[in-house]
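Only the coordinates and a few stated rules stand behind these numbers; no lab work does. This is a predicted model, so every value here is computed, not measured. Cβ sites come from the backbone with ideal geometry, for glycine too, and all protein chains shown count toward neighbours.
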Amino acid sequence: MAEPTTPVLTEADEETLARMRYRKALARKKRKEREAAGEIKELNITAMMDMMTILLVFLLKSFASSSAAITASEDVRPPVSTTRATPKDTVAVTITPKNILVGEREVLRLQNGQLPADKLQGRLVLPLDAALKKEVEKLKYIAERNPSAPFSRELSVIADRKVPYDMLLTVLYTAGQNELENYRFVVLQKDGE
């Protein structure tokens, strides 16, 4: 009876087997490298601190600037004063010889420097009333959700120095009907005093 023989590996077969193992190990290594390529190995804390410092300086600078800054234009020339009071962030109404604005939005165009009669109801300016109602609702909504920003009932009036007093009173009456009872007039600061 013939005895079972165990296959004898020749030198060529062993070399082929070693090559296959090497290729598998190489493929495994490449696969791990591809998987690790998408991962962040370490964070550069110095670059992150530089970025945070720049953001901090930017935010501090933006908070320090005045929110009631107005741009110089031909339409609005506020009166000059020696006041030292700083402007606050409030609802701003701008009265020019041509129109009335709430914030940056025009709400009423004047006719020959006068309030149009069809836009008035007594001393109440209807388009201004509607715009101020929206602003007051927005401020109340913010105050409701953020106790650090209470509704102050303040209004900043930016008016041209040639605006008639009667028109100014009419605008203030309309603001008063919308719970804006405290008025601040924005003026230019006189130089040298």
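The label point for Lys134 and the one for Ala36, both projected 7 Å from the Cα toward the Cβ, are 5.9 nm apart. Between Arg184 and Leu120, the FRET efficiency from the beta-carbon distance, with R0 = 30 Å, is close to 0.75.
Shape call for the range 81-187 from the C-alpha gyration tensor, a ≥ b ≥ c root eigenvalues: rounded (a/c under 1.5), prolate (a/b greater than b/c) or oblate? Write down the numbers at each step before the final one.
On the way: a/c = 2.19, a/b = 1.34, b/c = 1.63.
Oblate shape, in that a/c is at least 1.5 and b/c is the bigger or equal ratio.
Are any of the pairs Lys98/Lys119; Lys98/Lys133; Lys61/Lys134 more than 24 Å apart by Cα-Cα distance, and if so, which? Pairs exceeding the cut-off: Lys61/Lys134.
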